[in-house]
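Scroll down for the structure; my scribbles are underneath it.
The values are calculated or read from the model by the stated rules, or taken from the named source; none is laboratory data. Note that this is a predicted model, so its numbers are computed, not measured. A quick note on method: Cβ atoms are made from the backbone with ideal geometry, for glycine too, and the neighbour counts reach across all protein chains shown. Surface accessibility is based on the protein's heavy atoms, side chains included, excluding ligands, DNA and RNA. Shrake-Rupley method; radii C 1.70, N 1.55, O 1.52, S 1.80 Å.
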Amino acid sequence: MNTKTIKHFLTACLVGIALCATTVACVDDDDDVPENYYSSTKITAAEFLERRPADFSQFVGILKRTPYFSMLSTYGTYSTAGLLRYTVFAPNNEGINNYLQAHGYSSIDEIPTELCDTIARTHIIKKGAFFTTDIGGDGALPELNMDDRYIVLSSDSDVVNGNKLRIFVNKTAQMVEYDDSVTNGVVHVLNNTVSANSSVRMFLPDKIAADSSLTIFTQALQLTGMADSLMKDIDLSYSCSVDSVETGTMERCTSGGQQYTRTYWVGKRYFRYTAFVEPDSVYHKAGIRNIDDLKAYAKRVYDMTYPEDAGIYDDDFKNRKNPLNRFVSYHLLNRIGQYNSWVPSGEIRKCLNTFDIDAEEYYESMCPGTIMRFAGNSEGLFINRRGVGNRSERGKFIKGVKVLSPSESGSTDQNAQNGVYHYLDDILAYTTEVRDEVLNRRIRIDATVLSPDFMNCNGRGRYGEDILTGFKNKYITDWTCSDETFVGVHSDVLYWWSYQANAVCVSGKFDVAFKLPPVPSGTYEIRLGYTSGDERGVVQAYLNNEPCGIPIDLRVYGGDPNIGAIADTGDSEEDMANDKAMHNRGYMKGPDSWRPGNGEDSMRKLGPLRRVLTTATLDSNKKYYLRMRQVLKEDDKYWSFDYIELCPKSIYASPEGEDTH
């Protein structure tokens with residue numbers, strides 16, 4: 001790797017250390033490879049490896065016992081499956097020898113064929129060439145490897161060698177050579193195999209229990225029975241044809257001037273989980289030395305948050321209203337999220353005006369009736385933070401609980417067979433302060449987080465390709481869909497006029513209902529964020545099957561007299577008067593905090609709209625479903641579902657007025 005490459009790589013990693021960038025480098029031939037990459041001349045990944053037997057003879061030997069050496073010999077050309085590009089993490093001979101020694105094999109010939117297949121799939125990403133300058137220093141790649149596992153990067157300084165930056169893959173292998181571009185992708189050289197430790201095959205509760213720094217949380221997880229809620233892995237009732245998964249189909253969801261967008265269907269349906277956990281050292285700082293101390297802490301907190309339940313369920317630890325049960329379950333989510341998955345990051349975050357608002361998202365926890373606010377900024381990733389950066393927000397700043405990055409989390413691989421856990425720097429709890437102050441805000445929720453299935457298959461967060469991830473409509477958690485409904489999650493595309501650069505495409509003669517995440521009890525405006533278009537439909541909205549006003553014509557733009565959007569003039573009073581007039585008609589402009597393509601114009605100027613669907617009193621202990629039904633007879637219209645907003649009366653009716661962000 002040349003000097004220019006090293007300098008570029010170190011700069012990218014240092015800048016991206018907080019949250020990694022996730023750009024996919026798609027190159028059609030070697031002539032298009034950036035000059036800072038080492039570019040091999042018209043050779044494939046397989047040829048690159050085979051021409052260096054002193055480094056890769058062992059790995060090549062393993063690959064040749066599988067179908068994947070032939071696959072890596074295929075030149076990058078267009079096919080029915082799209083452009084063939086691979087990212088190969090190639091263990092050198094030293095790395096393979098380490099694997100052989102650790103597993104008691106004297107040579108690669110003794111490795112069972114099926115295990116060779118697993119090793120090969122673990123080290124190859126089939127859909128995309130990812131360079132280190134694209135990825136950054138901390139977090140997961142936007143595509144899974146061929147074994148449907150995440151590749152997670154972390155870094156540290158090599159104090160022995162002048163504090164040079166070292167990059168690790170899944171905590172088990174160091175990159176010793178990077179960005180070797182080949183005609184069908186890129187090769188990164190490792191000094192060990194990826195996830196050679198068999199503990200990655202543990203389910204999440206067992207993985208947590210195996211971590212000696214988590215003894216108190218492990219006891220609480222077992223005592224409450226919540227460990228049993230984290231034991232699912234794969235849905236054996238689900239199936240999908242290989243052709244639909246590999247080559248895809250064309251669905252009517254316009255993008256980039258095209259009438260159809262290619263859809264790749266989910267091949268396997270997984271159940272996945274994430275745990276946010278406090279190490280024992282965090283508990284000790286708070287005076288919690290054992291499980292009894294944690295029980296007492298949970299009772300103090302949750303008796304205040306739920307005074308109606310105080311003292312009733314104290315000894316029934318598996319009851320969902322027990323204080324310790326609530327404490328533990330508020331640490332758990334029924335979806336997988338790597339460190340850089342929770343809020344917009346990398347290239348996508350550049351679209352956000354971070355002076356006015358942090359990168360944020362909201363997720364329902366496994367504690368009934370509760371959500372978490374995730375916020376990301378230059379300081380890192382936080383849960384239940386109030387403020388913008390390190391500044392107060394409407395008079396008060398609340399730090400929140402920091403989620404430690406992979407680089408801050410030591411050498412332990414935190415990925416399990418069916419999930420991942422992350423360390424916290426403080427105690428996480430659903431306190432009255434969280435409920436009444438942190439969450440007393442406009443809650444904007446991206447459509448791509450409204451089902452855990454959208455994340456568990458890696459549909460949310462794909463970047464760079466204009467594609468859809470298709471879902472069978474009977475296999476979408478928290479959604480019900482008619483037989484004539486198509487639902488697909490669009491990949492992140494910078495130029496899209498949509499929040500977080502993505503959307504959920506709903507098409508056909510659709511009739512869908514999805515569960516709203518729970519919010520603190522109170523009165524809310526429920527709003528729909530969307531983009532208009534001639535190919536969109538007309539939809540009727542319902543809240544728990546009660547109609548929300550008249551149907552919404554998604555084909556109508558903001559300048560229509562019934563909406564009345566007028567371009568901002570720069571006169572604050574005049575602009576506020578137009579906002580008020582629009583709101584009286586049930587509409588709002590898009591947020592000015594999001595600038596598609598990192599351009600100068602925000603969504604407020606470009607024209608995406610918010611529709612106030614209804615005002616309702618919501619109870620955190622009850623479930624609410626928002627139903628959207630296409631009222632046109634045509635089956636070729638669609639709805640580009642961007643986000644929803646649940647805005648409390650304390651904000652939309654505030655004397656200060658609601659901000660435009």
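Points to keep in mind about this one:
- Simple spin-label estimate for D635 and E484 in nanometres, 7 Å along Cα-Cβ: 0.7
- Solvent exposure ordering (accessible area, 1.4 Å, most first) of H284, H331: H284, H331
- Label of the coordinate-derived value, volume of the Cα convex hull per residue in Å³, listed as [x] 224; [y] 306; [z] 166: [z]
- Share of pairwise Cα separations in segment 350-509, more than 29 Å, in percent: 27
- Calculated FRET value between D293 and D206, using beta carbons and R₀ = 30 Å, to 0.05: 0.75
- G461 long-range amide H proximity, modeled H, under 5 Å: D492
- Rg and Dmax of segment 415-506, based on Cα coordinates, read 16.4, 47 Å.
- Listed residues T615, N584, M603: farthest to the positive end of the dipole of segment 573-615 (Cβ charges): T615
- Enclosed volume per residue, in Å³, of the convex hull spanned by Cα atoms of segment 178-240: 147
- Global form of segment 342-445, assessed from the alpha-carbon gyration tensor, a/c cut-off 1.5: oblate
- Magnitude of the charge dipole for segment 582-661, about its Cα centre and with charges confined to Cβ atoms of Lys, Arg (+1) and Asp, Glu (-1), is about 380 debye.
- With the charge dipole of segment 524-661 set up from +1 on Lys and Arg Cβ and -1 on Asp and Glu Cβ about the Cα centre, the Cα lying farthest toward the positive end among the listed residues G529, G657, G570 is that of G529.
- Based on C-alpha pairs under 8 angstrom that are at least 6 apart in sequence, the chain has a relative contact order of 12 percent.
- Counting Lys and Arg as +1 and Asp and Glu as -1 over every other residue whose Cβ lies under 13 Å from the Cβ of S405, the net charge comes to -3.
- With Cα atoms, 0 to 90° folded angle of helix 3-15 axis to the chain main axis: 30
- A 1.4 Å probe, protein heavy atoms only, puts the accessible area of S409 near 10 Å².
- Computed with a 1.4 Å probe on the full set of protein chains, the accessible area for E347 sits at about 50 Å².
- Residue (of L428, Y302, P520) at the positive-pole extreme of the chain, dipole from beta-carbon charges: Y302
- A simple charge model with +1 on the Cβ of Lys and Arg, -1 on the Cβ of Asp and Glu and nothing else charged puts the dipole of segment 251-303 at about 300 debye relative to its Cα centre.
- Nearest-0.05 FRET efficiency for L165 and S241, computed from C-beta distance (R0 35 Å): 0.20
- Volume in Å³ per residue [convex hull over Cα atoms, computed for segment 256-300]: 214
- Rolling a 1.4 Å probe across all protein chains gives D356 an accessible area of roughly 40 Å².
- Order of exposure, largest accessible area first, which applies to S640, S73 with probe 1.4 Å: S73, S640
- Segment 536-601 and segment 83-151: distance between their alpha carbon centers, rounded to Å: 48
- Taking a sphere under 11 Å around the Cβ of D314 and counting the other residues whose Cβ falls inside, with K and R at +1 and D and E at -1, yields a net charge of -1.
- Area projected by the alpha carbon convex hull of segment 319-399, averaged over all directions, nm²: 6.3
- Cα-centre dipole for the chain with unit charges at Cβ (Lys and Arg positive, Asp and Glu negative), debye to 20: 1020
- Each eigenvalue of the Cα gyration tensor of segment 573-654, multiplied by 5 and square-rooted, gives one semi-axis; in descending order these are 24, 22, 14 Å.
- Too-long pairs where the Cα-Cα distance tops 20 Å, listed order kept, from K268/K318; K515/K580; K295/K623; K589/K622; K207/K472; K321/K623: K268/K318; K515/K580; K295/K623; K589/K622; K207/K472
- Taking the longest Cα principal axis of the chain as reference, the axis of helix 291-305 is set at about 30 degrees.
- Net charge over other residues, Cβ less than 13 angstrom from the Cβ of F510 (K, R count +1; D, E count -1): 0
- Rounded to whole Å, the principal axis extents of the Cα atoms in segment 481-531 read 34, 32, 15, largest first.
- Accessible area ranking (1.4 Å probe, heavy atoms, ligands and nucleic acids excluded), largest first, for T224, T480: T480, T224.
- For segment 502-661: rounded, prolate or oblate by the Cα gyration tensor [a/c cutoff 1.5]: oblate
- From the alpha carbon centroid of segment 425-502 to that of segment 623-638 is 18 Å.
- With respect to the chain, whose longest principal axis is taken over its alpha-carbon atoms, helix 113-122 is tilted by about 50°.
- The chain, accessible surface, carbon-and-sulfur percent (1.4 angstrom probe): 49
- Bins of 10 Å, starting at 0 and running to the largest distance - Cα pair percent for segment 265-401: 10, 32, 34, 18, 5
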